[in-house]
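> Shown below is the structure under consideration.
The values are calculated or read from the model by the stated rules, or taken from the named source; none is laboratory data. What you are looking at is a predicted structure, and each value in this text was computed from that prediction instead of being measured. Heads up, the Cβs are rebuilt from the backbone with ideal geometry, glycines too, and the neighbour counts pull from every protein chain shown.
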Amino acid sequence: MRRRIIAGNWKMNMTKAQAKEFMGEFLPLCANAKCETVLCVPFTDIHRVYKLALGSNVKVGAQNVAWADKGAFTGEISAEMLKEVGAEYVIIGHSERRAYFGETDETVNMRLKQALKCGLKPIFCVGETLEQREGGLTEQVLKAQIEKGLDGVAEDVIIAYEPVWAIGTGKTATPEMANETIGFIRSVATKLVGEVSILYGGSMNAANAQNLLDMSEIDGGLIGGASLKPSDFSVIVNCD
Ligand code: 13P
């Protein structure tokens, strides 16, 4: 089902004390938000943020999940472990994991299937680089990421379109460009998994969020930098 989802991705930010301070400021500001509000936080913050968010409309997510149930996988965290500390969502295949940590379409697919098997809600990220966009390869790259990532998946997933060139750069895709590309992603993904919610991510902020969210294909946002500031993030979750 298509629905408005606003998810923050804290990436590798926020100590315990900072997370507590953030929640103290943010929760009153988002009390009337009508969207599904999610904070995808570092593993070490999940339980604290979950406890602070109890009784509010804020849900908690992780930023990765292991593809196996348990065992000799040094440095990985299982779905069961994530759920135990309060995670309900998980980001999978973020471009930073693909670029810096060797994540491939195949490992993304394995993690995605594991998340679904264990009852976590995956936020599956796709996006092209600047070189690929300028080379006219955007649709080809996205189609391959979606088809390989969703191979063998028939359930509801949330997709996030994050053009790599817009992440953390201050360069947002124009609403029209994001809308057109998300329309393409929807045409590919719907054939595989049916109706999906598709978020835009990449320098989305308090000033540009409403214009992006007004577009017909954009169901929500995945927000990095602006999700670290309660006042900015609350503007986004309170958008119409
Ligand atoms: P920024 O909002 O900081 O550009 O990050 C986007 C992102 O990568 C969210 O996952």
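> Looking only at the stretch 211-229, count how many residues are away from the ligand (no atom under 12 Å from the Cβ), assigned to a helix (DSSP H, G or I) and either closer than 24 Å to ILE92 by Cβ or within 18 Å of the chain's Cα centre (by Cα) (or both).
1
Condition check ((1) modelled with pLDDT of 95 or more; (2) over 17 Å from ILE146 (Cα atoms)) across all residues:
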{"position": "GLY170", "(1), (2)": "no, yes"}
{"position": "ILE182", "(1), (2)": "yes, no"}
{"position": "ALA189", "(1), (2)": "yes, no"}
{"position": "LEU199", "(1), (2)": "yes, no"}
{"position": "LEU212", "(1), (2)": "yes, yes"}
{"position": "GLY221", "(1), (2)": "yes, yes"}
{"position": "CYS239", "(1), (2)": "yes, yes"}
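> Could you give every pair whose Cβ atoms fall below 8 Å, whose first residue belongs to the stretch 9-22 and is within 24 Å of PRO122 (Cα to Cα) and within 10 Å of the ligand (Cβ to nearest atom), and whose second residue is of a type in the set (Gly, Ala, Ser) and in a helix (DSSP H, G or I), counting only separations of at least 6 or pairs across chains?
Partner pairs satisfying both residue conditions: ASN9/SER227; TRP10/SER227.
> Could you give every pair whose Cβ atoms fall below 7 Å, whose first residue belongs to the stretch 184-203 and is of a type in the set (S, T, N, Q), and whose second residue is part of a helix (DSSP H, G or I) and crowded, with 20+ Cβ neighbours inside 10 Å, counting only separations of at least 6 or pairs across chains?
If the second residue must be part of a helix (DSSP H, G or I) and crowded, with 20+ Cβ neighbours inside 10 Å, the pairs left are SER203/ALA166.
> I would also like to ask the following. Is it the case, given these coordinates, that ILE91 is assigned to a strand (DSSP E or B), under 26 Å from ARG3 (Cβ atoms) and out of contact with any helix residue (DSSP H, G or I) (no Cβ under 9 Å at 6 or more places or on another chain)?
Spelling it out, it is not the case that ILE91 is assigned to a strand (DSSP E or B), under 26 Å from ARG3 (Cβ atoms) and out of contact with any helix residue (DSSP H, G or I) (no Cβ under 9 Å at 6 or more places or on another chain).
> Moving to a separate point now. Is it the case that the stretch 172-195 has a residue that's touching a Leu at 6+ places or on another chain (Cβ under 8 Å), under 30 Å from GLN210 (Cβ atoms) and of a type in the set (D, E, K, R)?
Checked the stretch 172-195: no residue is touching a Leu at 6+ places or on another chain (Cβ under 8 Å), under 30 Å from GLN210 (Cβ atoms) and of a type in the set (D, E, K, R).
> Just name the residue that is farthest from the ligand (Cβ to nearest atom) out of those in the stretch 178-207 that are surrounded by fewer than 17 Cβ atoms within 10 Å (Cβ to Cβ) and part of a loop (DSSP other than H, G, I, E, B).
GLY194
> Still on this model: Restricting attention to helices (runs of 4 or more DSSP H) lying wholly within the stretch 94-177, give those where 1 or more residues are within 16 Å of the ligand (Cβ to nearest atom), crowded, with 16+ Cβ neighbours inside 10 Å and among the small types (Gly, Ala, Ser).
The qualifying helices (runs of 4 or more DSSP H) are 95-100, 138-149.
> Still on this model: Right, ASN208: at pLDDT 95 or above and within 15 Å of ILE223 (Cβ to Cβ) or not?
Here the answer is yes, as ASN208 does meet what is asked.
> Kindly evaluate ALA226 against the criterion of being buried (at least 20 other Cβ atoms within 10 Å of the Cβ), modelled with pLDDT under 95 and of a type in the set (A, V, I, L, M, F, W, C).
no
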